[in-house]
1. Please give the solvent-accessible surface of Asp652 in Å², to the nearest 10, using a probe radius of 1.4 Å with every protein chain present.
2. If I model a spin label at Lys679 and Asp83 as a point 7 Å from the Cα along the Cα→Cβ vector, what separation in nanometres do I get?
3. At 222 nm, what value in deg cm²/dmol follows for the chain if DSSP H runs of at least 4 each add -39500 (n - 2.57) and the sum is divided by all its residues, to the nearest 500?
4. R0 = 35 Å: FRET efficiency of Thr719 with Thr613, Cβ-based, nearest 0.05?
5. So for the chain, averaging the separation of alpha carbon pairs under 8 Å that are six or more residues apart and normalising by length, what relative contact order in percent results?
6. For labels at Glu524 and Gln766 in the simple 7 Å Cα→Cβ model, what's the distance in nm?
7. Rounded to a whole number, what % of the accessible area of segment 732-773 do carbon and sulfur atoms account for, probe 1.4 Å?
8. Between Val388 and Glu462, what's the calculated FRET efficiency when r is the beta-carbon distance and R0 is 30 Å? Round to 0.05.
Amino acid sequence: MGERRGRIRQALRRSARASGIVALLFSLGAGAAQAPSNAQLAGAELNRRVEKLLRQMTLEEKAGQLAQYSIGTPTGPGTGRDDYETLVRAGAVGSLFNVVGARETNHYQRIAMEQSRLKIPLLFGFDVIHGHRTLFPTPLAMASSFNPALVEQAMRMAGAEASSEGIRWVFSPMVDIARDARWGRIIEGSGEDPYLGAAMARAYVRGYQGKSLAEPTSVAASVKHFAAYGAAEAGRDYNTVDMSELTLRQVYLPPFQAAVAEGAATVMSAFNSLNGVPATANPQLLTGILRKEWGFNGFVVSDWTAVQELVNHGIALDGATAARKALTAGVEMDMESHLYGPGIPQLVRSGKLSQAVVDEAVRRVLRVKFALGLFEHPYADEKAAAYVATAEKRELARRVAEESIVLLKNEGGVLPLSTSGRKIALVGPLADSAGDMLGAWNGKGDPKDVVTLRAALERRLEGKAQLLYAKGTGILSHDPSGIQQAVKAAEASDVVIAALGEDASQMSGEAASRTRLGLPGHQEQLLQALAATGKPVVLVLFNGHPLVLENAQAHARAIVEAWHPGIEAGNAVANLLFGDVNFSARLPVSLPRSVGQLPLYYSQLSTGRPAGTTDLTRLPRSTGEKYISRYIDEQNSPLYPFGYGLSYTTFDFSPPVLSVPVLKAAAVKKRGQGVMRVKSQVRNTGKVRGTVVAQLYLGLRGASTAQPVRQLVGFERLTLAPGESRDVEFTLGFQELSFLDANAARVVEPGTQYELWVGDSSEATQHARFAME
Ligand code: BGC
């Protein structure tokens, strides 16, 4: 069946090319419908209820189900509307968002359930991105854990907290692959790699949606932003995206596909245009790929005013046309544009929009409402106890933070720190800034629940060592007057902890692109002044963007990338700094040496003139050193590579051993999974217990399309006692070994050669090779 579909697809492609249609053909063609992505939404009884309700609805009520408004703190430009109660009463709203709290959501729900004609419950949404009240580290930080099971657990807690307040829909996970550190939203996703991104995407969906959407603690996920938003040109938010179908499918779509296959109930369309067609009115993406290829049976919501923005994109002259284009492309719900509600009935009556398109959209929205059990249980429990950051919640938040914080440098073993009889200077604008620990999308997190690094150290060191605190400078301030006091504290101490970085809400997240990625304000000067004291400086970074650390690197003996770690920030960092807990996190993004290298990622394609082993730290001295893919003033490599992170111990990998020496392409295709096992022995060669993230990378040569020099195809966390060895085994199948040919068909080709590397970063060196015959 799969092969037949493949042949049909090939034939369609051939005929498309022959008839001169632009080569970019995304869809599988009609009749290639997949099994539904979410079995619950496909249930017969549920769909009978949907049809019954649909038959009773007026055109206006149908349009109402497709309209969504924000009440409360806006996360974009507003519509100017505030008559929400009237709209709900009239059945003119399907969903509200940014309404938080059981009493608040119930207030609007009562109007819908008691005063609207059909009593269709509202679906309340919210940006629960890395926690609702219990704030976990930012998604980019959580990706550093390489621990999807832990992320699933955290997001289960986040969903349950939201759901207890009537919020049954979260605008997460953000699964946009991002390779440009200038883009502020890089913190909202899982970084640069599609394999890690897909693993994390599945974890979020499982966490939010649980075993069934009907469980009262489950919330519907919204996978965003579909698609390729993370590739915004020059890292500028909302900017244009132009990319090949191969890159789209090989790099940017896999996390979306994984989330949809995991049963994600909704998808959010992106702001950007993709190859000239805005994602919010892009039938190839929304209908061709999402629905026909992947069998998506939930609904798509636009991003904030993205339907209206089709006019700005220049593909619609007015709002009505924008609404028609978005809806027919596959955007069922209009977030904040206020165009579907009033626009759809007019479009249908004037014959510009078919009733069938509207019905199908309403069906999809109602399915999710039925699946969540909203008709039976529309209200949140107002008597439930108010939120408290209990010990249990803190423990999970702390564990996630501890596993998300990356040790980048530890020269001379300056870490772990010891407590006894010492003086420690704590300096920097992020040492005691509770709000910034919550990250850019902080849900309903409360700075009062945050343990800052200063608070954690004060408690830990009380009676044992002296802590001298000085802020030194502000995050963005250019006032150097506090530096002197910080220097004094450093001079009087044995070691300095400098807590520097970025402001969480202004400098990272949405609409926070940067062109300079050093430490902002006067922080570089502060760091330099601290280093000049000669005291060892431990730099703890609290930031969103992957930063350019060349300068910081020169002045700090140790560097800890803590990101914005959530409510247990201080405790987690302190536990790591003093060695109660060992570092285990690894970078989910390459850290650049300079902004000019961006976009930067490890899985680049081979070029015709690779730099190979040429020394790129100096000017070229021969034509061989010059006419290669390089810069004359910077190296190609990152300062710290993807997958990298230190520990208080060290690990050794044996060369990979393959279960078979060669593979046959036909057999790989036929058998699908588990055609090759790759084994390596990992040994803890240091003195303390530690966790390593064993990573398997694969390269492919001799294929019909150029392939990345290497790409991640497996990872596993292993905890080993000193001296302990254990085998790690990875299994490869068609999914890992196949690639996209020039027609974007997934293939394995005979006559190709595979390279494998195993180790604990993308620069892993233990190598094996095999042929595909
Ligand atoms: C963002 C989305 C978010 C939405 C609702 C938009 O501006 O791009 O990620 O879910 O606002 O707040």
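The values are calculated or read from the model by the stated rules, or taken from the named source; none is laboratory data. Model, not experiment: these values are computed from the prediction. Cβ placement follows ideal geometry from the backbone for every residue including glycine, while neighbour counts extend to all protein chains displayed. Ligands, DNA and RNA are excluded from the accessible area calculation, which covers all protein heavy atoms including side chains. Shrake-Rupley method; radii C 1.70, N 1.55, O 1.52, S 1.80 Å.
1. 80 Å²
2. 7.3 nm
3. It lands at -8000 deg cm²/dmol.
4. Approximately 0.50, to the nearest 0.05.
5. It rounds to 13 percent for the chain.
6. Once both label points are built, they end up 4.0 nm from each other.
7. 43 percent
8. 0.75
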